[in-house]
Amino acid sequence: MGRAWKFGDNVSTDQIAAGRYYHLRSNLPELAKHVLEDARTEFASGVKPGDFIVGGRNFGKGSSREHAVIIIKMVGTRAILAKSFARIFYRNCINNGLPAIVVDTDRIDEGDDLDVVLDRGLVSDGTKRVELSFPPFPAVVARLLAEGGLVEFIKRHGDLPTTSRGVA
Amino acid sequence: MSGQTLAERILSDTLGRPMRAGDIAIVPVDLAYVQDGTGPLTFRQMELMGLRKAANPGRTIAFIDHASPAPRKELATDQVYLREFSREYGIVLSDVGGGVCHQVAFESFVRPGDVVVGADSHTVMGGAMAAFATGMGSTDVAVAIGLGKTWLRVPETTRFEVDGAFPKRVYSKDLILKVLGDIGSDGATYKAMEWSGPAIEAMPMSERMVLTNMAVEAGAKCGLIASDSETARYLGSVGREADWTPLAADPDASYGGVRDIDVSAVEPMIARPPQEDNVVPVTDPSVLGLRVDEVYLGSCTNARFEDIAVFCGILKGNEVAKGTRLFVTPASRDVWDKCLRAGLFNVLLDAGAVINSPGCGACPGVHGGIPGDGEVVLSTTNRNYTGRMGNPNASVYLASPATAAVAAIYGEVVDPRDVP
C-alpha cells in the first residue's frame, strides 16, 4: 500500500524536472530532490517509497526529457495513475519499468491508501474500499514492464520485443 | 480499401507492406538525433545496454544547442562527454553555435519519406518535409541509434484542411495557436495532424514548419505536410535538390477527423500562461495593453530568417520601448548568416536588441534571457508552462514575430494590424 498524491490536469515535464535544474541532469539524485517542484513543492520531501502519483488528464505533457520519469521512479513512486498521458512521457514510463495506468482518477482523493495489481488490471483504494479496473496493457508494453523496462530488455535479449507477427 | 494518409503512406513505403492506423510495427530509422539535454542520458543508456556502435553513424547527430555556449560547468562537462562519445562512435556532431537541432536537421538532413526520431519533443517539425518525425525519450532514441530501428504504432490522422488567404499581420503561428485553443493541449494525443488545402499549398516552408513544430503542443505524434513544389524549392535553396521526392496522402485516405479552417477569419492570437491552449485574440482585454518586460524572438518555432525579417520589417526605424528588453536568438548559424548579410542585425542593434548565439536560448529556461520574478515575457517560442523560461514566478505569453515586434516598440501588447 502507498498513499495517493493528487495532481491536476496537464502536469508538464517542465513542472516535474524544471529547466532551471538543467545542470543536474547528469546528477539524478540531486535532480530528484526537486521532483515535481513546480506542481507541488511539498512532494519531493514528503513522498515515501511505494506512494502513488495520481494525475488528471494529459499527465507528463511537453518535453521529451526522460529524466522526469527517472526521478519520479527514483523517489520510490510505485505507479502513476492518470485519466490520460502525453505520449512521449508514457513511453518513457514503460521504458523505465514504471507503470503508467489509465484509470478514472476522479474517484481517488488525496491521501487515499492505494494498491495496484498489474496483471489483474486493478487499482484498489483501501480508504474508500473500492476497486477500479483498467484495460490490459498492449502486449509490447506488458512485456517491457514485466522485464523491468527497455534497458533491461535489451541487455537480456539484444533486440526489440518481436514475434513472427511483428511486435511482441 | 480506402487510400492512405500521409503517415500510413510513409510507414508503408518504409516497410514495403501496407500499414494502417492502429498497426504496431518495428520500423527502420532513417535519421536519429539527440541534444545536449537528452544526449548524455541517451549515450549512457547505450553504454548500459551494450550498444557499442551506431547502426547508421552518418545519419546520427549529437546537437549542442540547449546550453550553447554552456552557462555552467556541469553543462560544459556534459558537452565534453557528448563530443568524446560522438568521436568514438563516429556520429555527426553539431557543436556550440550551430543552432537548434530541429532547424539544422531540417536544413541539412531530413528528407521526404524519412522516419526520424529525436530525443526532443519538437522533432515533429520534420513533418513539414513529409517525414514521419517524432520525439522520443533518451532510451528509445538510444535503441534507435544502436539498432537502427524503433517500435511504433501507426497513428490515426486528423486532417486540417485550410483555405483562404492570410490577412495582414496574421501568420501560421496565429493559425496553430487558434487550432490549439480550439482542440486543446491534448486534442491530438497519439495522432498525426496532417495539414492540407489551398492555404497550405501556397504557404512557404518557413511557415509550414511552425505548424508541424507545434503539433506536439496538441499532444500529436507527428505533424505532416505533403512534399510538393514548395518542398522542392526549399531543398534547392539549401543545396539538396537531389533529396526531393513528391509524397502525398491519397485523395481517398481515411481520416479520424477533418477540420475545415478559413484562415481569412484568423486574427493575431496570444497564448496566455500557463499553457499553450489558453489562447485569445490579441484584442482580448486580458492581453491588449499588457505591459511587457521582455520580448523574446527565438526557438525552433519562430526564429528563422523569414521570422526575423518580418520582425525587422516592423521594428525598422524604431527603438525598443524604455523598460522593455529585446532578446533575439537566431535558430541556426545559416539563419544568422542570412540575417547578417541582409542587414537585419543592424536594424536589431539600432533598436537596442541583444543578439544571442544560435541555439535554443531562453526557451527551455537554461540561459539567454531568463525573466525575473513578476516579469512578463512576450515570446515567439512554443511553450509557456509554469517555470518554462527558467522562472516559475514569471509569466510567458506566446505570439507571432509580428505581434512580438510591435510589443518591443510599444512595451506592451498592441494589435499588429493597427501598426504601419
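Where a number appears in this text, it was derived from the coordinates with a stated rule and is not lab data. Since the model is a prediction, treat every value here as computed from it, not as a measurement. For neighbour counting, all protein chains shown are included, and Cβ atoms are generated from backbone atoms with ideal geometry for every residue, glycine included.
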- Query: Between B:VAL238 and B:ASP418, what is the label-to-label distance in nm when each label sits 7 Å out along the Cα-to-Cβ direction?
  - Reply: 3.9
- Query: Between A:SER26 and B:ALA202, what is the spin-label point distance in nm, taking each point 7 Å from the Cα along the Cα→C-beta axis?
  - Reply: 5.1
- Item | Diffusion constant of region B:91-165 at 4 °C, which comes from Stokes-Einstein with the Kirkwood Cα-pair radius and 1.567 mPa s, µm²/s | 94
- Task: Give the Debye-formula value of log10 I(q)/I(0) at each listed q (0.29 Å⁻¹), with one equal scatterer per alpha carbon of region B:350-393, two decimals each.
- Result: -1.16
- Which stretch or stretches of region A:87-103 have amide N atoms under 20 Å from the point lying 7 Å from A:MET74's Cα along the Cα→Cβ direction? A:89-100
- Message: Let me see the P(r) profile for region B:271-418: every Cα-Cα distance counted, bins of 5 Å, each bin given as a percent of all pairs.
- Response: 2, 11, 22, 25, 21, 12, 5, 1
- Task: Report, by chain and number, residues whose modeled amide H sits under 5 Å from the one on B:SER379, excluding near sequence neighbours (fewer than 5 apart, same chain).
- Result: B:TYR296, B:TYR397, B:LEU398, B:ALA399
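How much net charge surrounds B:THR283 when only the other residues with a Cβ under 12 Å from the Cβ of B:THR283 are counted, with Lys and Arg +1 and Asp and Glu -1? Numbers along the way, then the final one.
Values: positive: B:ARG417; negative: B:GLU267, B:ASP284, B:ASP415, B:ASP418.
The answer is -3.
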- Quick one: putting +1 on the C-beta of Lys and Arg, -1 on the C-beta of Asp and Glu, what dipole do you get for chain B around its Cα centre, in Debye to the nearest 20? 820
- Under a plain spin-label model, where a point goes 7 Å from the Cα along Cα-to-Cβ, how far apart in nm are B:ARG259 and B:VAL80? 4.8
- Query: Which of the listed residues, B:GLY298, B:ALA54, B:PRO364, is farthest toward the dipole's positive end in chain B, when Lys, Arg count +1 and Asp, Glu count -1 at the beta-carbon?
  - Reply: B:ALA54
- Message: Percent of Cα-Cα pairs more than 36 Å apart in chain B, please.
- Response: 21
- Task: Please report, to two decimal places, log10 I(q)/I(0) for region B:48-91 at q = 0.23 Å⁻¹ as given by the Debye formula with identical point scatterers on the Cα atoms and no solvent.
- Result: -0.83
- To one decimal place, what Kirkwood hydrodynamic radius in Å is obtained for region A:2-136 from all pairs of distinct Cα atoms? 14.6
- Average projected area [Cα convex hull, the protein assembly as shown], square nanometres: 24.7
- Per-selection metrics, region B:11-114 (Cα): Rg and Dmax in Å: 15.5, 50
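Taking loop as defined by DSSP and a crowding limit of 14 other beta carbons within 10 Å, which trypsin sites (Lys or Arg not before Pro) in region B:64-125 fit?
Numbers: sites: B:ARG72, B:LYS73, B:ARG83, B:ARG87; in loops: B:ARG72.
Answer in residue order: B:ARG72.
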